[in-house]
Amino acid sequence: GPDVAAYTLRLADDALVLAQRLGEWAARGPTIEEDVALLNTGLDLLGQARTLLARVGELDGTGRTEDELAFLRDERDFVNAQVMELPVGDFGQTVARQLLVSAYQVPLFAALTASTDPTLAAVAAKAVKEVRYHLDHAASWVVRLGDGTEESARRVQAGLDAVWPYAAELFETDDVLARCVAAGVAPDPAPLRERWDSTVDAVLADARLRRPTTTWAPTGGRRGVHTEHLGYLLAEMQHVARSHPGATW
Amino acid sequence: GPDVAAYTLRLADDALVLAQRLGEWAARGPTIEEDVALLNTGLDLLGQARTLLARVGELDGTGRTEDELAFLRDERDFVNAQVMELPVGDFGQTVARQLLVSAYQVPLFAALTASTDPTLAAVAAKAVKEVRYHLDHAASWVVRLGDGTEESARRVQAGLDAVWPYAAELFETDDVLARCVAAGVAPDPAPLRERWDSTVDAVLADARLRRPTTTWAPTGGRRGVHTEHLGYLLAEMQHVARSHPGATW
Amino acid sequence: AEQQAAFDAVVADDGRVEPRDAMPEAYRRTLVRQIAQHAHSEIIGMQPEGNWVTRAPSLRRKAILYAKVQDEAGHGLYLYSAAETLGVDRADLLDALHEGRQKYSTIFNYPALTWADTMAIGWLVDGAAIMNQVPLSRCSYGPYARAMVRVCKEESFHQRQGFEGMTALARGTAAQKAMAQDALDRFWWPSLMMFGPPDDASPNSARSMAWGIKRFSNDELRQRFVDATVPQAEFLGLTVPDPDLVLDEETGHYRFGTPDWDEFARVVAGDGPCNRQRVAFRRQAHEDGAWVREAAAAHAARRAGARTA
Amino acid sequence: AEQQAAFDAVVADDGRVEPRDAMPEAYRRTLVRQIAQHAHSEIIGMQPEGNWVTRAPSLRRKAILYAKVQDEAGHGLYLYSAAETLGVDRADLLDALHEGRQKYSTIFNYPALTWADTMAIGWLVDGAAIMNQVPLSRCSYGPYARAMVRVCKEESFHQRQGFEGMTALARGTAAQKAMAQDALDRFWWPSLMMFGPPDDASPNSARSMAWGIKRFSNDELRQRFVDATVPQAEFLGLTVPDPDLVLDEETGHYRFGTPDWDEFARVVAGDGPCNRQRVAFRRQAHEDGAWVREAAAAHAARRAGARTA
């Protein structure tokens, strides 16, 4: 029904928008190994987004394709969490964001393998292995940078501080989510948040980084209210597709 | 005829693309006075672009509006010189590019006031005062930076070195231009180049900057072959317009 | 005491206090704070709109927006100059902005997400600013009053352009109309909050009114804004997002709901959607420009030295 | 002399020279230069295509391009590893790239301006690369030959995807077809130049052939490429931008015009459209990543110290 479509679209947009950000790293990584790893993470997320978007088009009755959903929606129609759209920043900020996101996605997809929605369960079964790798990779970098040089510790802490407030939105609930939880489609966010806290705390301790104490928790992404960064991301992502209406690629 | 349309489009695209770049400075200038000055320069160029684009739509027989020409052409249809599309860089690079461009536009528009094409002559009569101000302003900054601190001299020299090779394209000729020169529509680029050399040399001497000696002279803009930077500029500029086909704003 | 009496007489007479006139220190401090906040609002206010200069969907609108952002920089200049007549320095005021010691209007802590937001800012935010500022062009401090005359003239131009832009959207495609309604939905309440807290929670208002800085209370100005703006929304065929909004036929004024003052307090305290972004952007621009300002100073000093040598 | 004889025997036998085997210094140096240039080409080649990862017009194409760019990074890794078996260090090779002491394929000094360019790169550039590289998977140096096996397999996949993407454009709208033709127009001649100068102007070729590094001459490979690619262009309904192109019915080979070898020389010398941009981008990425590499090294050293303590 519409709730499952709305929930699936959130997961799809999360993956699509973060994949787009990671694509900005192409040929810019600090090592060639990281070029591979960053693109690998982005490619996994893009794959998740594609399956989920295709499913949204079926579920919501519009019959929209993955491309129509990705390239022909306006900014206010995107329902990704704001953390996904934040600029990549430097490598420290990129891995800090990835840690916070992957630490959320690991228990999320683990739980979704038991979703009553068969597509979500199938996507999750594949994705859970992918996001575990993303988490390990991001965590290993956060530790290396936090416990590396003075400069790297300063930079990764600054990156963490910049993205941290946006993580709270990942665990918010609303009517759509509550109904999906009740129907066994989606997991309850509260225990996810506990898992997230313990995962992240352990990494930060190992990295000798400070857990930010801000209580500021920006929100709005699930209602299509974003940061001013998303508009630029969509302009770049959608321009060619929008320039050739009806074309097949 | 088609030659005048093609020539007018070059002038229009030069102005439009550089105006777009200057717009990126909004609220980012080193002083509030420079916020005003950079936007003022951009606004003058945008005004020139609008009159010229409207004229192109009449001359080429397509009846396209200024907006259709600005927002619905693809990258390969833009015929601005590549120097206009180069990234803004830092303030040093911005004023260095502006010096090179304005030092070309001042004798260009002065000569165009005598164009046999009435629109070009009218645009030039207004624009020549504007570009004189742009030139004075850019020159004064190039001098202040070149003869300022060690850091500012280094930065403005680096900016100059980066944009310098692209200036040669402004003085190239081809069949379209040759026919426009013959018809009294456009001035011969050779004397413009002499004026440009003496203007720029005087400023660089006053600024204690080194005139770059490179012989590399990238080209292609007048045939729609650009740097990879233009595509991103157009994506940002055209996205909203392309997202709402047929809309009036 | 003699000076205080002279000051009181000027204010009572609705005259103008000028920079060389004696004035109470509290009056001076209040003015510095208010004019600086006003100047900062112009400078920070360039961001949400500057954000759309490169993406405006028509060249005419692009030129209008370009000019508007340029005017805002100009307003910042007049206002910092007016503040400087009170013995403070622009650089110090900017430091206070960058360090969060001085504020700017809360409205600029909301994001401009769509083209319609940019038009709504012209219509509503400049509209509210004019309501606030027209009385200031009669305020007791001469330089501020004179700056306001020019600022208000330009802002009323911006407000008309914003309304005209909203009209184009409201008369446009279904997507444009939806975009316009969405912008009104998100900017309506923050615009009402621009007039500040309710009168009974605005402790300094009485003193500012006694000093001739403030001419009308926050609630009076808010009422004027609602009365002026609701018919405009109706003209546009848009719905004001307030279920309590009703025209009181007796008074001729609209009755309206209560803004979310908790949200206002959060945004004032720094926790709006864009507070951090706005200040960080401003600081970055200032830091990125440091080498330019240093070079200009070094060059001026060298040339001055050459002239005197 | 005994070692030289052993080496000669292996090469004459079409055997494989392995890292621990004795080899002439000139052979080693030639291989280092060639493998490094090959590795650099993979790394620099990520730029024109990486440039389109964020703008691909369909998600399927985006995923394919994403994977392709990732593969190129992977190829860079194998190839730097192969070079390292010859006693050089990746960091030094990268320095040589950044300082312009070592080259990469000239083709990447042309800009990828449109989506069709990206597809043309897959079709033509990967196609030409395969022509060059398939023989290298039988080259006399074992690690290079083995790296080539994997690289060629992936590149032949990329080439098919590029051709498939060109097919979609050629069968698409008028604008797409024009875009495809334009890409072919701009990438055709630079692709022919990828095989290097004509045989009579390629002084080192003979020695490389004697050493079993090179199996076919530049002109032989160029002819193969033309013979393979022209029918593909015809299948696409696109026109190869060479008025001299004609099928020689007797030989079954295409005769074709002469590439602009002056342009080739200019691009090799550093004056192509994008040489400066490619190297500057690469250097910037390397400099931006320095603190990350330093941190990783410091962390590894600290943990190693902790383990041994």
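The values are calculated or read from the model by the stated rules, or taken from the named source; none is laboratory data. Just so you know, these numbers come straight off a predicted model, no measurement behind them. Cβ: placed from backbone, ideal geometry, glycine included. Neighbour counts: every protein chain shown. The protein model used for the area step is the full one, side chains on, heavy atoms only, and it has no ligands, DNA or RNA in it. Shrake-Rupley method; radii C 1.70, N 1.55, O 1.52, S 1.80 Å.
Could you list, in sequence order, all residues of segment C:286-308 that are closer than 25 Å to B:A26 by Cα and either out of contact with any helix residue (DSSP H, G or I) (no Cβ under 9 Å at 6 or more places or on another chain) or part of a helix (DSSP H, G or I) (or both)?
So the first thing to find is which residues in segment C:286-308 are closer than 25 Å to B:A26 by Cα, and the list is C:286-297.
C:H286, C:E287, C:D288, C:A290, C:W291, C:V292, C:R293, C:E294, C:A295, C:A296, C:A297, listed by residue number.
Which number in (1) among the hydrophobic types (A, V, I, L, M, F, W, C); (2) open to solvent by less than 60 Å² (accessible area, probe 1.4 Å); (3) out of contact with any strand residue (DSSP E or B) (no Cβ under 6 Å at 6 or more places or on another chain); (4) more than 14 Å from chain B (Cβ to nearest Cβ) marks the one condition that C:V226 misses?
With (1) among the hydrophobic types (A, V, I, L, M, F, W, C); (2) open to solvent by less than 60 Å² (accessible area, probe 1.4 Å); (3) out of contact with any strand residue (DSSP E or B) (no Cβ under 6 Å at 6 or more places or on another chain); (4) more than 14 Å from chain B (Cβ to nearest Cβ) applied to C:V226, the lone miss is (3).
If you go through segment C:212-253 one residue at a time, how many are in contact with a Pro (Cβ under 9 Å, 6 or more places away or on another chain) and closer than 29 Å to C:Q176 by Cα?
Of the residues in that region, 1 qualify.
Quick check: is even one residue across segment D:60-79 free of Cβ contacts under 8 Å to residues at least 24 places away in the same chain and more than 9 Å from chain A (Cβ to nearest Cβ)?
Looking through segment D:60-79, none of the residues is free of Cβ contacts under 8 Å to residues at least 24 places away in the same chain and more than 9 Å from chain A (Cβ to nearest Cβ).
Per-residue answers, yes or no, for (1) touching a residue at least 60 places away in the same chain (Cβ under 8 Å); (2) among the β-branched types (V, I, T); (3) more than 30 Å from C:W52 (Cβ to Cβ):
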site	(1), (2), (3)
A:I32	no, yes, yes
A:A37	yes, no, yes
A:L43	no, no, yes
A:L46	no, no, no
A:L52	yes, no, yes
A:R55	yes, no, yes
A:E58	no, no, yes
A:A70	yes, no, no
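If I go through segment C:278-309 residue by residue, how many of them are open to solvent by 20 Å² or more (accessible area, probe 1.4 Å) and touching a residue at least 12 places away in the same chain (Cβ under 8 Å)?
4
Residues D:D200, D:D219: which one is among the acidic types (D, E), part of a helix (DSSP H, G or I) and more than 20 Å from D:A128 (Cα to Cα)? Give the steps one after another, and end with the answer.
On the way: D:D219 fails: more than 20 Å from D:A128 (Cα to Cα).
Testing whether each residue is among the acidic types (D, E), part of a helix (DSSP H, G or I) and more than 20 Å from D:A128 (Cα to Cα) leaves just D:D200.
Only one of (1) over 22 Å from the mean Cα position of the chain (by Cα); (2) open to solvent by 60 Å² or more (accessible area, probe 1.4 Å) fails for C:Y254. Which number is that?
(2)
Could you check segment C:203-213 and list, in sequence order, the residues that are in a loop (DSSP other than H, G, I, E, B) and open to solvent by 50 Å² or more (accessible area, probe 1.4 Å)?
Taking segment C:203-213 first, the residues in a loop (DSSP other than H, G, I, E, B) are C:203-204, C:211-213.
Hits for segment C:203-213 are C:P203, C:N204.
Among D:A67, D:A73, D:A63, which is the only one that is of a type outside the set (S, T, N, Q) and open to solvent by less than 10 Å² (accessible area, probe 1.4 Å)? Please lay out each step first, then the result.
Details: D:A67 fails: open to solvent by less than 10 Å² (accessible area, probe 1.4 Å); D:A63 fails: open to solvent by less than 10 Å² (accessible area, probe 1.4 Å).
Testing whether each residue is of a type outside the set (S, T, N, Q) and open to solvent by less than 10 Å² (accessible area, probe 1.4 Å) leaves just D:A73.
Which residue pairs have Cβ atoms under 9 Å apart, sit 6 or more places apart or on different chains, and have a first residue in segment C:166-181 that is over 9 Å from C:A116 (Cα atoms) and a second that is open to solvent by 40 Å² or more (accessible area, probe 1.4 Å) and aromatic (F, W, Y)?
Short answer, once both residue conditions are applied: C:T167/C:F235; C:A170/C:F235.
Considering only residues that are among the hydroxyl-bearing types (S, T, Y) and assigned to a helix (DSSP H, G or I), look in segment A:149-206 and name the one that is most open to solvent (accessible area, probe 1.4 Å). Please lay out each step first, then the result.
Going through segment A:149-206, the residues among the hydroxyl-bearing types (S, T, Y) turn out to be A:149, A:152, A:166, A:173, A:198-199.
Now restrict to residues that are assigned to a helix (DSSP H, G or I): A:152, A:166, A:198-199.
On the way: A:S152: 0, A:Y166: 25, A:S198: 69, A:T199: 36 Å².
For segment A:149-206, the residue satisfying everything is A:S198.
Count, please, the residues in segment C:277-293 that happen to be more than 7 Å from every other protein chain (Cβ to nearest Cβ) and β-branched (V, I, T).
Looking only at that region, the number is 1.
Away from every other protein chain (no Cβ under 14 Å), touching a residue at least 60 places away in the same chain (Cβ under 8 Å) and open to solvent by less than 50 Å² (accessible area, probe 1.4 Å): which single residue out of C:L238, C:L245 fits that description? Spell out how you get there, then give the answer.
On the way: C:L245 fails: touching a residue at least 60 places away in the same chain (Cβ under 8 Å).
Criteria check complete, one pass: C:L238.
Assess whether D:Q34 counts as being polar (S, T, N, Q) and more than 20 Å from the chain's Cα centre (by Cα).
no
Scan segment A:184-207 and report the pairs whose first residue is farther than 15 Å from A:D174 by Cα and whose second residue is among the basic types (K, R) and at pLDDT 95 or above, with Cβ atoms within less than 6 Å and a gap of 6+ or a chain change.
Filtered contacts from segment A:184-207: A:L204/A:R211.
The conditions are (1) closer than 20 Å to A:H244 by Cβ; (2) surrounded by fewer than 24 Cβ atoms within 10 Å (Cβ to Cβ), and D:A112 fails exactly one of them. Which is it?
Of everything listed in (1) closer than 20 Å to A:H244 by Cβ; (2) surrounded by fewer than 24 Cβ atoms within 10 Å (Cβ to Cβ), D:A112 misses just condition (2).
Does B:G89 satisfy the condition of being modelled with pLDDT under 95 and part of a loop (DSSP other than H, G, I, E, B)?
So B:G89 fails the test.
Taking the residues in segment A:207-238 that are in a helix (DSSP H, G or I) and either away from chain B (no Cβ under 14 Å) or open to solvent by 20 Å² or more (accessible area, probe 1.4 Å) (or both) as candidates, determine which candidate is nearest to D:R171 (Cα to Cα). Give the steps one after another, and end with the answer.
Pass one, segment A:207-238, residues in a helix (DSSP H, G or I): A:207, A:221-223, A:229-238.
Those still in the list that are either away from chain B (no Cβ under 14 Å) or open to solvent by 20 Å² or more (accessible area, probe 1.4 Å) (or both) too: A:207, A:221-223, A:229, A:232, A:236.
Values: A:A207: 54, A:G221: 39, A:R222: 39, A:R223: 40, A:H229: 36, A:Y232: 31, A:E236: 25 Å.
Residue satisfying both the conditions and the ranking: A:E236.
Can you list the helices (runs of 4 or more DSSP H) lying wholly within segment D:1-108 that have 2 or more residues being at pLDDT 95 or above and among the basic types (K, R)?
Working: elements: D:2-12, D:25-53, D:59-84, D:90-98.
Result: D:25-53, D:59-84.
All but one of (1) outside any loop (DSSP other than H, G, I, E, B); (2) touching a Leu at 6+ places or on another chain (Cβ under 7 Å) hold for C:L238; which doesn't?
So the condition that C:L238 fails would be (1).
Each row is one residue, and each column tells you yes or no for (1) open to solvent by less than 10 Å² (accessible area, probe 1.4 Å); (2) away from chain C (no Cβ under 11 Å).
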{"site": "B:D13", "(1), (2)": "yes, yes"}
{"site": "B:E58", "(1), (2)": "no, yes"}
{"site": "B:A70", "(1), (2)": "yes, no"}
{"site": "B:E85", "(1), (2)": "yes, yes"}
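If you scan segment D:266-276, which residues turn out to be in contact (Cβ under 8 Å) with a residue 40 or more places away in the chain and either open to solvent by 40 Å² or more (accessible area, probe 1.4 Å) or of a type in the set (V, I, T) (or both)?
To start, the set of residues in segment D:266-276 that are in contact (Cβ under 8 Å) with a residue 40 or more places away in the chain comprises D:267-268, D:270, D:272-275.
D:V267, D:V268, D:P273, listed by residue number.
Hey, B:D136 hits all of (1) open to solvent by 30 Å² or more (accessible area, probe 1.4 Å); (2) touching a residue at least 24 places away in the same chain (Cβ under 8 Å); (3) in a helix (DSSP H, G or I) but one; which does it fall short on?
Status for B:D136: all satisfied but (2).
Return the only residue of A:R21, A:R28 being at pLDDT 95 or above, not polar (S, T, N, Q) and not in a helix (DSSP H, G or I). Don't jump to the end; show me each part of the working.
Working: A:R21 fails: not in a helix (DSSP H, G or I).
Sole residue among the options that is at pLDDT 95 or above, not polar (S, T, N, Q) and not in a helix (DSSP H, G or I): A:R28.
Does A:D35 meet the test of being more than 10 Å from every other protein chain (Cβ to nearest Cβ), surrounded by 24 or more Cβ atoms within 10 Å (Cβ to Cβ) and closer than 25 Å to A:G159 by Cα?
Judged against the criteria, A:D35 is not a match.
Rundown of residues vs (1) open to solvent by 50 Å² or more (accessible area, probe 1.4 Å); (2) over 15 Å from the mean Cα position of the chain (by Cα), yes/no style:
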site	(1), (2)
D:V149	yes, no
D:A170	no, yes
D:M179	no, yes
D:D200	yes, yes
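Hey, could you check segment A:140-155 for residues that are within 13 Å of A:L204 (Cα to Cα) and touching a Leu at 6+ places or on another chain (Cβ under 6 Å) and say which is nearest to the other protein chains (Cβ to nearest Cβ)?
Among those that are within 13 Å of A:L204 (Cα to Cα) and touching a Leu at 6+ places or on another chain (Cβ under 6 Å), it is A:G146.
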